[in-house]
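Chemist: Input: one structure, supplied below.
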Amino acid sequence: VQLQASGGGLVQAGGSRRLSCAASGPTFSNNVYTVGWFRQVPGNPREFVAAISWIGGYTYYADSVKGRFTMSRDNAKNTVTLQMNSLKPEDTAVYYCAADQRSARYSSPDYVYWGQGTQVTVSS
């Protein structure tokens, strides 16, 4: 399973940004039940942002982004998106998408498959 994250960039506080994660690989449909987004600031551990179940589309969010971020998936395109609204400077981080077969522990940063990360910088 390969994951490709994109969509990062510079945005002003209060603005919006949409991240995408494209998944590919011959074993994707057999090995992925959940896709998650994490973020990391240098010197800090990787932090859970959101996750979505591939089959039912159930979503889970960190309290820090609830109400501002929305995660969705397109099963036909094997793509998930993270719509980020009302961005704050503290949302600045490298954002990673991750995936594996889990159906619980969505916020635990021990997913099997990881994308390369995309930088989001929110200026005040």
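The values are calculated or read from the model by the stated rules, or taken from the named source; none is laboratory data. Owing to the predicted nature of the structure, the values given are computational and were not obtained by experimental measurement. These area figures cover heavy atoms from the full protein model, side chains too; ligands, DNA and RNA do not enter into them. Shrake-Rupley method; radii C 1.70, N 1.55, O 1.52, S 1.80 Å.
Chemist: List every residue whose amide H lies under 5 Å from the amide H of K88, counting only residues 5 or more places away in sequence or on a different chain, with H placed 1.01 Å from N in the peptide plane.
Modeler: G14
Chemist: While we're on this one: So with the 1.4 Å probe, I'd like the accessible area per residue for the chain, rounded to whole Å².
Modeler: Dividing the accessible area of the chain by its residue count gives 49 Å².
Chemist: Would you work out what percent of the accessible area of the range 30-99, with all protein chains in place, is carbon or sulfur (probe 1.4 Å)?
Modeler: The value for the range 30-99 is 49 percent carbon and sulfur by accessible area.
Chemist: Considering all projection directions equally, how large on average is the shadow of the alpha-carbon convex hull of the chain, in square nanometres?
Modeler: About 6.8 nm², averaged over all directions.
Chemist: Ok, one more. Would you mind pulling out the separation of the Cα centroids of the range 29-45 and the range 64-111, in Å?
Modeler: 7 Å
Chemist: Please identify, among A50, A76, A13, the residue showing maximal mean-square fluctuation in a Gaussian network model of the chain using a 10 angstrom Cα cutoff.
Modeler: Looking only at A50, A76, A13, the largest GNM fluctuation is found for A76.
Chemist: Between N31, N85, N44, which gets the highest mean-square fluctuation from a Gaussian network model of the chain, Cα cutoff 10 Å?
Modeler: N44
Chemist: At 222 nm, what value in deg cm²/dmol follows for the chain if DSSP H runs of at least 4 each add -39500 (n - 2.57) and the sum is divided by all its residues, to the nearest 500?
Modeler: Value at 222 nm, helices only, nearest 500: -500 deg cm²/dmol.
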